[in-house]
1. Which members of the stretch B:110-139 meet the condition of being under 16 Å from B:P70 (Cβ atoms) and not hydrophobic (A, V, I, L, M, F, W, C)?
2. Please pick out the residue among B:A73, B:A60 that is within 22 Å of A:K185 (Cα to Cα) and under 25 Å from the mean Cα position of the chain (by Cα).
3. At least 2 residues that are modelled with pLDDT of 95 or more and in the same structural domain as A:K237 (by TED's automatic domain parsing) in each: list the helices (runs of 4 or more DSSP H) lying fully within the stretch A:68-183 that qualify.
4. For the structure I just gave you, tell me whether A:D228 is more than 20 Å from B:D228 (Cβ to Cβ), modelled with pLDDT of 95 or more and assigned by TED's automatic domain parsing to the domain that holds A:E160.
5. Do the conditions hold for A:A239, that is, is it assigned by TED's automatic domain parsing to the domain that holds A:D11 and not acidic (D, E)?
6. Return yes or no: is B:R316 in a helix (DSSP H, G or I), more than 9 Å from chain A (Cβ to nearest Cβ) and either of a type in the set (D, E, K, R) or farther than 25 Å from A:P218 by Cα (or both)?
7. Free of Cβ contacts under 8 Å to residues at least 60 places away in the same chain and in contact with a strand residue (DSSP E or B) (Cβ under 7 Å, 6 or more places away or on another chain) - does that describe any residue in the stretch B:150-171?
8. Is it the case, given these coordinates, that B:G204 is assigned by TED's automatic domain parsing to the domain that holds B:V166, at positive phi and over 22 Å from the mean Cα position of the chain (by Cα)?
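The values are calculated or read from the model by the stated rules, or taken from the named source; none is laboratory data. Note that the structure is predicted; figures quoted are calculated from it, not measured. Note that each Cβ is placed from the backbone with ideal geometry, even for glycine, and that neighbours are counted across all protein chains shown.
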There are 2 protein chains.
Amino acid sequence: MKIAIDAIGSDARPVPDVQGAVDAVREYGVEVLLVGPEALIRRELDKIGNLPDGIHICNATQEIMMGEHPANAVREKKDSSIVVAVQQVKKGNADAFVSMGHTGANLAAAVLHLQRIQGVHRPALGAMFPTPKGPALLIDVGANTDCKPEWLEQFAIMGELYVRAVLGIDRPRVALLANGEEEIKGNQAVQQAHARLQARAAKGGMNFVGNIEGKDVPAHLADVIVADGFVGNIALKTAEGIAKMLNELLRSEIQSNPISMLGGALAMPAFNKVKKILDYTEYGGAPLLGVNGVVIIGHGRSNAVAVKNAIRVAKRAVETNILETIRSGVTAVD
Amino acid sequence: MKIAIDAIGSDARPVPDVQGAVDAVREYGVEVLLVGPEALIRRELDKIGNLPDGIHICNATQEIMMGEHPANAVREKKDSSIVVAVQQVKKGNADAFVSMGHTGANLAAAVLHLQRIQGVHRPALGAMFPTPKGPALLIDVGANTDCKPEWLEQFAIMGELYVRAVLGIDRPRVALLANGEEEIKGNQAVQQAHARLQARAAKGGMNFVGNIEGKDVPAHLADVIVADGFVGNIALKTAEGIAKMLNELLRSEIQSNPISMLGGALAMPAFNKVKKILDYTEYGGAPLLGVNGVVIIGHGRSNAVAVKNAIRVAKRAVETNILETIRSGVTAVD
């Protein structure tokens, strides 16, 4: 199995991207195709040294920067690491694509070049939301706004298929993210999607548990949480922001006097355990579901561990043949 | 000044509601009109004892329960504490209404009986979002879904007027909650609202700072954060859920061994400080803006302190004449 990596994707590129790829080769026995400026990648690989077999380079001279308009950048920068890597998947030179780069550009390149799976209204980005009781897949977290009910229904189906295949949960609980548990809650799209998913559940096909509220996201009341990409993005980012703020606030208050500093030091293992439970790097990346290719998009601020784990996620998605599963699972929806 | 209180609003009714009202009379010198079953209220007041002047009772025999359909309940239960209290405001027997009860029923009763301020498309519920650098008003947090751009524009205007009057911030920073900072981000309604608010800012009328992401909500990058009620509700509840989950997780990890327990005890003042900074009871309640009356809606799980603080918020809104400010501020929008 060969996985294409955007070698200049992360904020601290190329160090975490290349190091994570090398670590993944060592740990998971995959081959990697590092896509980006060849000289830069070679220099980074030389620094690491003692390299295992299975590391390949594919030269790409351009870089899509953060501020750029996704669709325009993808159309114009045909030799960018993102576009070249996606092309490698399309041509069959790689089995999956992993990138910590510009999310919008990754989405645009994947949709433009790999194209949607037949019958899929809109590909969606699913993020593994860490909770103390395990991860939940929040889908969509930003690929689509103003989602129609049938899109939401498909996000539910694709999310269910993904979680079943990749996390091995037999009958994942599927929920809609809403402003209240009752089925009369939600905006129009969510109410209509609710009716659709209820009908699907009644036919015995889906373990649909209804609406859940924002406060229930970290309570792990569902394995798949379906949302419009605008809403899912705001929920995910708000959660990140709150966790970061609490962490910083607690740290600064603890450091404000010697006694609580001592207390903080003694309680450090507990802090670290909490941090580890909620560590996004463990989950490695968000799958883009609904395109003809395995695409895993990670956080810009990923470190080498996150990159390595994203490659693990990609490997698992390839092994479980998630593409074929989605192709056969979504065709019936309209 | 006389403030009507739903005496059976909170989850632990009538204890926090009545106690909070009595405390508010003592501390803020307001009069209160406790609305609910008279015998129940009298019994509660007798338990408290040594009562100050200025405590009145208005009998209401019915109660709107959590599961009920808001609009139906308000139409059918004409002698419910919520409907009777709103009527007291309408008749001029009270200057404001404070309730910890059924949010939907409070909204429905206020809109039905007090009616919208002329020119207001939709009344909106604003919640004070606590951050380490002070509160931000998130508006709307659940009164409206599927908001049109002009509704969002009015939420911005009403929020700005409220924050200026009640928090005393001269030129509040107004932002739209979106899935990215760039103005091309957002769903259709947010993009159009962005253009409207930008035009309003260009005329020198508003300190519009553009889009902010979910992660920036706790960073206090704006004093007024405008959102569709569906989205605002999910952001607010997700934040609550994450804070609760982190708190519980950290607590249980700290208690998992004696050394970290000692550490936790030593660091307790720091924990408590963080808790206080982020304590929703400090902010006391969410103003419903855009109806002909001061209405403050609090959390069902409010304690007496939260009820008292909600009454303080109502008092301040009456004193600063927020109704007249909104009446004159919103008429020009379409």
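1. The answer is B:H113, B:R122, B:P123.
2. From the options B:A73, B:A60, the qualifying one is B:A73.
3. Those helices (runs of 4 or more DSSP H) span A:149-162.
4. Against the criterion (more than 20 Å from B:D228 (Cβ to Cβ), modelled with pLDDT of 95 or more and assigned by TED's automatic domain parsing to the domain that holds A:E160), A:D228 does not qualify.
5. Spelling it out, it is not the case that A:A239 is assigned by TED's automatic domain parsing to the domain that holds A:D11 and not acidic (D, E).
6. yes
7. Checked against the condition, which is being free of Cβ contacts under 8 Å to residues at least 60 places away in the same chain and in contact with a strand residue (DSSP E or B) (Cβ under 7 Å, 6 or more places away or on another chain), the stretch B:150-171 yields at least one hit.
8. Numbers: assigned by TED's automatic domain parsing to the domain that holds B:V166: yes; at positive phi: yes; over 22 Å from the mean Cα position of the chain (by Cα): yes.
It is true that B:G204 is assigned by TED's automatic domain parsing to the domain that holds B:V166, at positive phi and over 22 Å from the mean Cα position of the chain (by Cα).
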